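The values are calculated or read from the model by the stated rules, or taken from the named source; none is laboratory data. Being a predicted model, the structure only gives us computed values, none of them experimental. In this analysis, Cβ positions are derived from the backbone assuming ideal geometry, glycine residues included, and neighbour counts consider all displayed protein chains. Accessible surface areas use protein heavy atoms only, side chains included; no ligands, DNA or RNA. Shrake-Rupley method; radii C 1.70, N 1.55, O 1.52, S 1.80 Å.
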Amino acid sequence: MPNDSKTFRIVGQNKEKVDARGILRGKPVYTEDFYPRDALIVKVVHSPYAHALITRIDKSAALDIPGVVEILTYEDVPRIPYTRAGQGYPEPSPYDTVLLDHKMRFVGDTAALVIAENERAARMGVKALKIDYEVLEPVLDFEKSMSPSAPIIHDQKDSKGIYEPSRNIASHYETTIGDVEGLLARSPVQIEATYYYPKSQQVALENHCTYAYLDPQERLTLVSSTQVPFHGRRILSKILQTPPGKIRVIKPRIGSGFGSKQGLFTEGYAALACLKTGKPVCLSFNREETFTCTYTRHDMRVTVRLGAELDGRLNVIDMYSLSNTGAYGDHALTVAMGCGSKTLPLYNKVKAVRFVTDIVYTNLPNAGAYRGYGAPQGLLALDGALDELAARLNRDPLEIKAINSIREGETSPIFQIMGEGREGVPQIAASCKLGECIEIGKVAFDWAKKRKNAGWDRRTVDTVRGVGCALAMQGSGIAKVDMASATLKMNDDGTFNLLVGATDLGTGSDTILSQIAAEALGIPVENIIVYSSDTDMTPFDVGAYASSTTYVSGNAVLDAANKVKASIRRAAAALFEIDEELVEVTDGCVKNLQNGKTLTFAELCTLCFYGANQHQICETGSYVGDESPIPFMATFIEVEIDLKTGKITPIETLSVVDCGTALNPALAEGQVKGATLQALGTALFEELKFSETGKPINASLFRYKILDRSSFGKVTALLAESYEPTGPFGAKSVSEIGINTPTVALLNAVYHATGIRFHRLPLAPQTVFNALKGKA
Amino acid sequence: MEIRVNVNGVEKRWNVEPSELLVDVLRDNGYKSVKKGCGSADCGTCTVLVDGRAVLSCSVFAASVSGKTIETLEGLGTDQQLHPIQQAFLDAAAFQCGFCAPGLIMATKELLEKEPALTEDQIRHELSGNLCRCSGYENQVKAISGLMDKKREGA
Ligand code: FES
Ligand code: FES
């Protein structure tokens, strides 16, 4: 089989993104570009209170406004508990949400929908709608959510799957392997450290938006900026009490998502408005709504306890995370489990390990999926604690992390114990070039020299420099849960339609999936016509999340390609009237090995359409991973701190990644670099902030800020050579891992520079300055 | 009120409300390349050229551009022949989701005409208002720097 040969023709090349030309020409490609001109406008009326009950609604003034068509509130819809999280069914997230509720759980929660003929009328309708509230005391500090005196956020009776509503605990999980306390007590070196990861936001540049219409057969059709069209259809079917067959969800190009579009926000409201009015409707969130009414990162407090020998070898890791899921429990359990399951196996040489997590509600915007999915929070504490261990032992932190970390062929019991909200699957790191990542990075970054030349003793009058490192892992899809499928249909010019449920949200997955199909079929990538994610037209795929597309969807494409190749062989054998073994399928041709006669794919397919043995060559492949191969990464960072202001400037960030075969190296590097910047932003300033009544105070790009192109120094991504035996042409995932390390690596670098160990991100200049003042 | 504008070389007369923003009017009239990432002059995705100058179309009233010449990404290149800026970005694999592309390309066009001899650091500074959340910026900057080199060699 050429599938495990490591010389490729199309895979491994920087093929042009299949959608690049359309995007560069400014063609209409995103959801909002397709809004029908006559569509009604839907606007959400947001709760001004963090915790409140709607006591009275008076629609009359709003309905009097010319152009206002309809107003919908909880009185107009049935109460059907569900979760907006787009996850495999049954979802591990609690069913604690209803489409329109009478209880408001954060500032920005949906109180009502106004549907109007135009933007102006819709806005006036929102202003004119009279809603009376009974204001309740909010819970805004997640460290106090579980306290007996805290008000209960989810006191409704019809929710399902909330762990302990009376204590505001959405979910809880714990697992222990070995004698944790005993080993801790017996370890000569013990470290205990608590870190805080902030509530950052994905900030996809395209805001969330959906339009909905009834097709001529009265089927509800949604075009939406979603990462999860198939989950979306399933969830909408449930809450709208409409059979899935009567719903179609189409995903056009997406202006990225990073997880925030792995939940249903605009979709449910647009669909409801469309069904109620029978008219096409559109609903676009503005930037503030995208900040506060979609998902954020789960902010967490993570405590790690380490027990180690004097030579730095770890005996035991104990991790506890308290996670803030905000008003609703979307992705609550699974993100918090990721905190442990996507970090602890890195340090697999321990004799005991414990992971416990509580995920609590607060009256703040909903946390949910965000690139990294718990790993960045867990790693902040785990890697930070290891850095503290190295400092205690007066050793190079890179060395301490390296000697304890996992190597190829090894395993960790965590794999089997912790899966996605449930048990995991046992697996061996069949491809693991973490050691190589460390070595390559060490040399490329010049770690030893930079480390020697930096630090507090080497400061100048104005500045001090420091270096930090961190190691990371991720998964590639969710083993035994995530399923993807792909259809390949042959055309009479030798091209193939590749229909995939996989959801390219800007990552380039349409391109790499095309490369996989082209490689397997031995044809140019231009001969693959890819169409992704339309629940009517493409086969099922869970969607774009959990770093699943390359591995899971990629394997589905490979399966389809192998099947289609077999069909081609069969068709050719019938035409040539020979045995199938005597047919060679290569380079877009079939060859009769008996007489050397060849037909091109175009000729063969034309014959299949119009000549003998007439049939359509078309195959569907599916894949569900038995395991979730792990990409690995080592990151090195150098920072400079302005001693007069406390401002931290990243000088250089270098990551070396083992993602298996990089199917398209330019796209793979792009994933790592983009993720690096998101992480650096979080380390330096990204955090949603709230007033003491729970009102967001920086929900705009101006106030929240993301890194612009002028302010982050040099960022390099290198790819270590690696081959994952179960991956499509050796590939593993690469989309998330890049965000895990830079935060903690930067924090470690600040320690190296100043000797001050911070335990809370982001590191605002004022914070650093104050700490430096304390030092002097 | 009626405004007259020349958009990508074509004369247009549009009826607009005094309060309407240029970004909305352009999009309503089919220039969908113009994106609205924030609506508050903070992201650069709505950048168009007005009389050759890069302008955030979410921060100007349509009424104020009457009589002027507007360029949007729709006016650049053809399906057969990309504009050199588009080609450079394509060759550099400069975008992922591409939502930032229209604004950045228009801002680049102005910069190339105004100040074609900048260092990479200066480019980063000049175009810092055009945000991108996906790409890590580097390939974009390299592409622009390459365009400047070419322009100088050609000059
Ligand atoms: S939409 Fe104009 S700057 Fe963001
Ligand atoms: S490529 Fe997505 S915002 Fe720039």
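State yes or no: is B:S128 within 7 Å of another protein chain (Cβ to nearest Cβ), outside any helix (DSSP H, G or I) and open to solvent by 20 Å² or more (accessible area, probe 1.4 Å)? Yes; evaluated as a whole, the condition is true for this residue. The condition of being modelled with pLDDT of 95 or more and on the phi > 0 side of the Ramachandran plot holds for only one of A:G372, A:G338, A:G435, that being A:G372.
Among the candidates B:L111, B:L118, the residue that is more than 13 Å from ligand 2 (Cβ to nearest atom), open to solvent by less than 20 Å² (accessible area, probe 1.4 Å) and not assigned by TED's automatic domain parsing to the domain that holds B:L49 is uniquely B:L111.
The residues in segment B:59-85 that are within 16 Å of ligand 2 (Cβ to nearest atom) and either in a strand (DSSP E or B) or under 17 Å from B:V5 (Cα atoms) (or both) can be counted, and the count is 1. Scanning segment B:73-93 for residues that are in contact (Cβ under 8 Å) with a residue 12 or more places away in the chain and facing another protein chain (nearest Cβ under 7 Å) yields B:L73, B:E74, B:Q86, B:F89, B:A93.
In this structure, A:P696 does not qualify as within 15 Å of A:P631 (Cβ to Cβ), more than 22 Å from the chain's Cα centre (by Cα) and away from ligand 2 (no atom under 16 Å from the Cβ).
Residues that are of a type in the set (S, T, N, Q) and buried (at least 18 other Cβ atoms within 10 Å of the Cβ) within segment A:391-419 comprise A:N404, A:S405, A:S412, listed in sequence order. Once segment B:49-58 is narrowed to residues that are small (G, A, S) and either assigned to a strand (DSSP E or B) or within 14 Å of ligand 1 (Cβ to nearest atom) (or both), the residue that is most open to solvent (accessible area, probe 1.4 Å) is B:A54. Across segment A:20-39, the qualifying residues are those that are of a type in the set (D, E, K, R) and either more than 7 Å from chain B (Cβ to nearest Cβ) or part of a helix (DSSP H, G or I) (or both), and the one among them that is nearest to the chain's Cα centre (by Cα) is A:E32.
Of note, B:V23 satisfies the criterion of being in a helix (DSSP H, G or I) and either within 16 Å of ligand 1 (Cβ to nearest atom) or open to solvent by 30 Å² or more (accessible area, probe 1.4 Å) (or both).
Residue-wise test of (1) free of Cβ contacts under 8 Å to residues at least 60 places away in the same chain; (2) at the interface with another protein chain (Cβ under 8 Å from one of its Cβ atoms).
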site	(1), (2)
B:F95	yes, yes
B:F99	no, yes
B:K109	no, no
B:V141	yes, yes
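Scanning segment B:87-138 for residues that are among the polar types (S, T, N, Q), within 16 Å of ligand 1 (Cβ to nearest atom) and over 21 Å from A:G506 (Cβ atoms) gives a single hit, B:S128. Residues that are farther than 23 Å from A:A745 by Cβ and in a loop (DSSP other than H, G, I, E, B) were ranked within segment A:655-673; the one that is farthest from the other protein chains (Cβ to nearest Cβ) is A:T661.
Okay, residues lined up against (1) farther than 23 Å from A:H298 by Cβ; (2) charged (D, E, K, R); (3) not assigned by TED's automatic domain parsing to the domain that holds A:G508:
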site	(1), (2), (3)
A:S187	yes, no, yes
A:T226	no, no, yes
A:R253	yes, yes, yes
A:G263	no, no, yes
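Within segment B:49-71, can one find any residue that is facing chain A (nearest Cβ under 7 Å), touching a Leu at 6+ places or on another chain (Cβ under 7 Å) and closer than 25 Å to A:S256 by Cα? No, there is no match, as no residue in segment B:49-71 is facing chain A (nearest Cβ under 7 Å), touching a Leu at 6+ places or on another chain (Cβ under 7 Å) and closer than 25 Å to A:S256 by Cα. Hey, any hits in segment A:70-79 for a residue that's among the aliphatic types (A, V, I, L, M) and under 31 Å from the mean Cα position of the chain (by Cα)? No: segment A:70-79 contains no residue that is among the aliphatic types (A, V, I, L, M) and under 31 Å from the mean Cα position of the chain (by Cα). Which of (1) of a type in the set (D, E, K, R); (2) open to solvent by 30 Å² or more (accessible area, probe 1.4 Å); (3) closer than 17 Å to B:K109 by Cβ is the odd one out, the single condition B:K35 does not satisfy? All conditions pass for B:K35, except number (2). When segment B:26-48 is limited to residues that are aliphatic (A, V, I, L, M) and more than 6 Å from ligand 1 (Cβ to nearest atom), the one that is nearest to the other protein chains (Cβ to nearest Cβ) turns out to be B:V34.
From the residues in segment A:474-530 that are in a loop (DSSP other than H, G, I, E, B), touching a helix residue (DSSP H, G or I) at 6+ places or on another chain (Cβ under 7 Å) and within 14 Å of chain B (Cβ to nearest Cβ), which one is farthest from A:L558 (Cα to Cα)? Within segment A:474-530, the match that is farthest from A:L558 (Cα to Cα) is A:T507.
Each residue in segment A:234-281 was checked for being crowded, with 22+ Cβ neighbours inside 10 Å, of a type in the set (A, V, I, L, M, F, W, C), under 23 Å from A:D510 (Cα atoms) and more than 14 Å from chain B (Cβ to nearest Cβ), and 2 pass. For A:Y95, the criteria (1) out of contact with any Phe, Trp or Tyr (no Cβ under 9 Å at 6 or more places or on another chain); (2) open to solvent by 10 Å² or more (accessible area, probe 1.4 Å); (3) away from chain B (no Cβ under 14 Å) hold in every case but one, which is (1). Within the option set A:Q377, A:Q416, A:Q427, being without any contact (Cβ under 8 Å) to a residue 12 or more places away in the chain and closer than 30 Å to A:G161 by Cβ holds for one residue only, A:Q416.
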